[in-house]
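Participant: Can you read through this structure? Questions will come right after.
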Amino acid sequence: MGVLNVTPDSFSDGGRFLDPEPALMHAREMLAAGADLLDLGAESTRPAGKTYGAGAASVPAEDELARLLPVLDALRAETDVVLSVDTRKGAVARAALAAGADVVNDVSALGDPELAEVAAAAGCPVVLMHSRGDLADMHLHARYDDVVAEVCAELSAALARAEAAGVDRAQVVLDPGIGFAKTRVHNLALLRRLDALATLGRPLLVGASRKSFIGELTGAPPAERLPGSLAAVGWAARHGTSVVRVHDVEATVQFLAVDRAIAAAEHA
Ligand code: HH2
């Protein structure tokens, strides 16, 4: 899954793809590089805390759609590839699905009840990501006695909430929410124990690309975190993850091609 941030303020590429032309060029590059699907986001979810200060400002639905729709419409007109929309708002999901998006990626795991209704009515795949609190205060909620058990329990509750709202569990993809209400130690523990999350019985999506735990481990700024991101991709892909959400598609595709070829190599 290639990330397309049509935003002025995303943590690693804010402002680069805010205008439709550069956004479309970047989308085409990611598809040519081998992305299987694209995730279009028009609202940054950069959390408050020591890394990003006050965090991202929340964006009204009209503004989110004004950024998103020109890019979504143009992409839908030129490709059949799966297009996901990264939004926390039911109104945005509804308009995006009407414009031809295929998947809803919700980092709030149905914080907006309208989004559950929209997903239930559309029957589309929906990504439910683990987080706690909101963007402004999630860093204060990064407290766990057992992060793996608690994230599993909270994702299981999100799945139950989705089903109660009429979403079929077969629509749901689960995501541990790397970097959302989690410290470096929590992120690493969750990656280490992806097998525990897989017991929830749904496909897993992992988004570790360029995230701040990589910076904490290496000292690298966001734009220089590709090697660390590939380590996380390799680990996730080898431990049951179905979808990896990445900014650097070309490098990731090459990395996974070699990683998989080695895993599949026959005795010679
Ligand atoms: N991470 C980000 C945004 N959306 N969605 C899912 N399912 N999982 C993630 O880990 C995830 C996500 C944050 O990355 P990015 O989109 O590059 O930054 P920003 O939120 O600042 O736009």
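Participant: Do we have residue 157 as aliphatic (A, V, I, L, M) and out of contact with any Pro (no Cβ under 8 Å at 6 or more places or on another chain) here?
Facilitator: yes
Participant: Among the residues of the range 106-130, write down those that are in a loop (DSSP other than H, G, I, E, B) and either more than 16 Å from the ligand (Cβ to nearest atom) or in contact with an Asp or Glu (Cβ under 9 Å, 6 or more places away or on another chain) (or both).
Facilitator: 107, 108, 109, 111, 112, 123, 124, 125, 130
Participant: Could you list, in sequence order, all residues of the range 61-105 that are among the charged types (D, E, K, R), over 18 Å from residue 9 (Cβ atoms) and out of contact with any helix residue (DSSP H, G or I) (no Cβ under 6 Å at 6 or more places or on another chain)? Show your work before the answer.
Facilitator: Filtering the range 61-105 down to residues among the charged types (D, E, K, R) leaves 62-64, 67, 73, 76, 78, 80, 86, 88-89, 94, 102.
Then keep just the ones that are over 18 Å from residue 9 (Cβ atoms); that gives 73, 76, 78, 80, 94, 102.
Once the filter is applied, which keeps residues that are among the charged types (D, E, K, R), over 18 Å from residue 9 (Cβ atoms) and out of contact with any helix residue (DSSP H, G or I) (no Cβ under 6 Å at 6 or more places or on another chain), the range 61-105 yields 73, 76, 78, 80, 102.
Participant: Please go through the range 1-30 and pick out each residue that is without any contact (Cβ under 8 Å) to a residue 60 or more places away in the chain and assigned to a helix (DSSP H, G or I).
Facilitator: Listed by number, the residues that qualify are 20, 21, 22, 23, 24, 25, 26, 27, 28.
Participant: Then there is this: From 107, 151, which residue is aliphatic (A, V, I, L, M) and under 20 Å from residue 48 (Cα atoms)?
Facilitator: 107
Participant: Next question. Considering each residue of the range 54-87, count those that are touching a residue at least 40 places away in the same chain (Cβ under 8 Å), in a loop (DSSP other than H, G, I, E, B) and within 19 Å of residue 37 (Cα to Cα), and give that number.
Facilitator: 3
Participant: Of the residues 134, 146, which is modelled with pLDDT under 95 and either surrounded by fewer than 17 Cβ atoms within 10 Å (Cβ to Cβ) or farther than 20 Å from residue 203 by Cα (or both)?
Facilitator: Of the residues listed, the single one that is modelled with pLDDT under 95 and either surrounded by fewer than 17 Cβ atoms within 10 Å (Cβ to Cβ) or farther than 20 Å from residue 203 by Cα (or both) is 134.
Participant: When you look at residue 29, is it under 27 Å from residue 236 (Cβ atoms), out of contact with any strand residue (DSSP E or B) (no Cβ under 6 Å at 6 or more places or on another chain), at pLDDT 95 or above and not aliphatic (A, V, I, L, M), yes or no?
Facilitator: yes
Participant: I'm trying to understand the selection: among the residues of the range 13-37, which are more than 19 Å from residue 65 (Cβ to Cβ), within 16 Å of the ligand (Cβ to nearest atom) and aliphatic (A, V, I, L, M)?
Facilitator: 30, 35, 37
The values are calculated or read from the model by the stated rules, or taken from the named source; none is laboratory data. Just so it is clear, the structure is predicted and the values come from calculations on it, not from any experiment. When we count neighbours, we look across all protein chains shown, and the Cβ atoms used for this are built from the backbone with ideal geometry, even at glycine.
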